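To start, the structure itself, in structure tokens.
The values are calculated or read from the model by the stated rules, or taken from the named source; none is laboratory data. Note that the structure is a prediction, hence the values are computed from the model and not measured. Glycine gets a Cβ as well: all are built from the backbone with ideal geometry, and neighbour counts include every protein chain shown.
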RNA sequence: GCCGGGGUAGCUCAAUUGGUUAGAGCACUUGACUGUGGAUCAAGGGGUUAUGGGUUCGAGUCCCGUCCCCGGUG
């Protein structure tokens, strides 16, 4: 993997870049839709391409439990198995163990957990997680981390962050294929500045090809989140890609790019779409609301995605209210298209030295939820 | 026609010998969702208990009339 910075924004820390992987180029800043089980729910790879998707995220935790890394390996790797020829990033499973499994027990050696769907017992170590991700053969793979909940006590966060660093060292050591796969380290530290700083320095010393910031957007105030992102980014090597994990809302993406983030992933555009809430240039729109029953305009009057070119709000509402399978599909297509459109606008604005203007224009039009600030 | 059973929220049903403001599920309305949850959670609206009388301190509940539904029988 190679990362080159193309352009720095004049007024902010935003930048555009080019990430070259063994399955092609990713232009940054970029948003990665989440395809947990080897599919971005409801949409096909071809449709993802049409939405402007360049890289998707898949999940070690889920794919390990089903169908198992051996099967995917014998299919010729994840790209072959799911028929996606562009880059893939796999998450390590640290977050899923934290958020999905009932019984988890963390020790120095690793984490034991019970599967969230059949209750079976499993044990992840840093070495195991690398082995699985090498079998899946994603272009970018992640270190095993522990994601401490918010809020966490300082003492818990300190120990947890220390453990994440030790696991990062073991992951790096366990990696056998660093020619075609890039291993990103994950920075933790909860909401404590000194722990974030320490975590950043320790991981930078290990010289990863890219760095992720994890453990944020877990309910902490936005002010704190941005302070921490800013602090971490300032202490990361500028020439390496930076990935803010699990973020976020459109307004968050703008803020994070401003601080110098290159990569994002989030379930919001896809999960919310399945539940009937889509993102548009004018803000969030709950298509199931009765107010759209007779509204024959598209979701977003300025969008040229397949959904907006062909279907009305009234029809989409009808599809949702009748439980039709097309409803989550069309909504997902729109929101994914919108997120990728936004990233493209951001890249273009940076390259033309007008990122600041774009940011202001976008936020003046986009009606965001004030609870999120 | 006669005999029996039954009419409670849009739907399916609760409501202990008559006893606070008639409840629930689904549906509906409105929120929430940040390294996935087609999941789920939260809040809300909705009732002259078929209808007209009566008994009672008090009736969805007991009595009488009327209307309607279901089963049986002519």
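Would you mind finding the one in A:63, A:19, A:71, A:48 that is part of a helix (DSSP H, G or I) and more than 16 Å from RNA strand B (Cβ to nearest atom)? Break it down into steps so the answer makes sense when it comes.
Working: A:63 fails: more than 16 Å from RNA strand B (Cβ to nearest atom); A:19 fails: part of a helix (DSSP H, G or I); A:48 fails: more than 16 Å from RNA strand B (Cβ to nearest atom).
Exactly one of A:63, A:19, A:71, A:48 is part of a helix (DSSP H, G or I) and more than 16 Å from RNA strand B (Cβ to nearest atom), namely A:71.
Among the residues of the stretch A:228-254 satisfying the criterion of being over 17 Å from the mean Cα position of the chain (by Cα) and within 14 Å of RNA strand B (Cβ to nearest atom), which is nearest to residue A:367 (Cα to Cα)?
Among those that are over 17 Å from the mean Cα position of the chain (by Cα) and within 14 Å of RNA strand B (Cβ to nearest atom), it is A:228.
Can you name the number of the only condition in (1) in contact with a helix residue (DSSP H, G or I) (Cβ under 9 Å, 6 or more places away or on another chain); (2) more than 12 Å from RNA strand B (Cβ to nearest atom); (3) farther than 30 Å from residue A:233 by Cβ; (4) without any contact (Cβ under 8 Å) to a residue 60 or more places away in the chain that residue A:286 fails?
(2)
Quick one: count up the residues across the stretch A:9-42 that are surrounded by 15 or more Cβ atoms within 10 Å (Cβ to Cβ) and more than 19 Å from the chain's Cα centre (by Cα).
3
Check residue A:349 against each of (1) surrounded by fewer than 22 Cβ atoms within 10 Å (Cβ to Cβ); (2) part of a helix (DSSP H, G or I); (3) more than 25 Å from the chain's Cα centre (by Cα) and name the one condition it does not meet.
All conditions pass for residue A:349, except number (3).
Please enumerate the residues belonging to the stretch A:89-112 that are at pLDDT below 90 and in a loop (DSSP other than H, G, I, E, B).
Passing the criteria: A:100, A:101, A:102, A:103.
Out of (1) part of a loop (DSSP other than H, G, I, E, B); (2) farther than 30 Å from residue A:137 by Cα; (3) near RNA strand B (Cβ under 10 Å from one of its atoms), the odd one out for residue A:225 is which?
All conditions are met except number (1).
Could you list, in sequence order, the residues of the stretch A:164-184 that are buried (at least 21 other Cβ atoms within 10 Å of the Cβ) and not in a loop (DSSP other than H, G, I, E, B)?
At the first step, the residues of the stretch A:164-184 found to be buried (at least 21 other Cβ atoms within 10 Å of the Cβ) are A:164-165, A:167-168, A:171, A:181-184.
The answer is A:164, A:165, A:167, A:168, A:171, A:182, A:183, A:184.
For residue A:204, state whether it is away from RNA strand B (no atom under 12 Å from the Cβ), outside any strand (DSSP E or B) and within 15 Å of the chain's Cα centre (by Cα).
Details: away from RNA strand B (no atom under 12 Å from the Cβ): yes; outside any strand (DSSP E or B): yes; within 15 Å of the chain's Cα centre (by Cα): no.
No; evaluated as a whole, the condition is false for this residue.
For the stretch A:207-222: of the residues being free of Cβ contacts under 8 Å to residues at least 60 places away in the same chain, under 17 Å from residue A:140 (Cα atoms) and within 12 Å of RNA strand B (Cβ to nearest atom), which is surrounded by the fewest Cβ atoms within 10 Å (Cβ to Cβ)?
Ranking the qualifying residues of the stretch A:207-222, first place goes to A:211.
Please indicate, with yes or no, whether at least one residue in the stretch A:336-343 is surrounded by fewer than 18 Cβ atoms within 10 Å (Cβ to Cβ) and away from RNA strand B (no atom under 16 Å from the Cβ). Walk me through it before giving the result.
Step one: list which residues in the stretch A:336-343 are surrounded by fewer than 18 Cβ atoms within 10 Å (Cβ to Cβ), which gives none.
The answer is no, given that none of the residues of the stretch A:336-343 is surrounded by fewer than 18 Cβ atoms within 10 Å (Cβ to Cβ) and away from RNA strand B (no atom under 16 Å from the Cβ).
Out of (1) surrounded by 13 or more Cβ atoms within 10 Å (Cβ to Cβ); (2) farther than 22 Å from residue A:169 by Cα; (3) more than 21 Å from the chain's Cα centre (by Cα); (4) within 14 Å of RNA strand B (Cβ to nearest atom), what's the single condition that is false for residue A:99?
Only one criterion is unmet by residue A:99, namely (3).
Find the helices (runs of 4 or more DSSP H) located wholly in the stretch A:244-317 whose residues include 1 or more that are over 23 Å from residue A:346 (Cβ atoms), and list them. Walk me through it before giving the result.
On the way: elements: A:250-259, A:268-274, A:306-310.
Those helices (runs of 4 or more DSSP H) span A:268-274, A:306-310.
Report, by residue number, each residue of the stretch A:185-201 that is within 12 Å of RNA strand B (Cβ to nearest atom) and more than 23 Å from residue A:140 (Cα to Cα). So that I can check it myself, show each step before the final result.
Initially, the stretch A:185-201 is screened for residues within 12 Å of RNA strand B (Cβ to nearest atom), giving A:185-190, A:199.
Listed by number, the list holds a single entry, A:190.
Name, by its number, the condition in (1) over 18 Å from residue A:72 (Cα atoms); (2) modelled with pLDDT of 95 or more; (3) surrounded by fewer than 23 Cβ atoms within 10 Å (Cβ to Cβ) that does not hold for residue A:121.
Going through (1) over 18 Å from residue A:72 (Cα atoms); (2) modelled with pLDDT of 95 or more; (3) surrounded by fewer than 23 Cβ atoms within 10 Å (Cβ to Cβ) one by one, residue A:121 breaks only (2).
Taking the stretch A:111-159 only, how many residues are within 15 Å of RNA strand B (Cβ to nearest atom) and closer than 20 Å to residue A:243 by Cβ?
17
Every residue in the stretch A:125-160 that is closer than 19 Å to residue A:72 by Cβ, in contact (Cβ under 8 Å) with a residue 40 or more places away in the chain and not in a loop (DSSP other than H, G, I, E, B), please.
A:127, A:129, A:130, A:131, A:132, A:133, A:134, A:135, A:136, A:140, A:141, A:142
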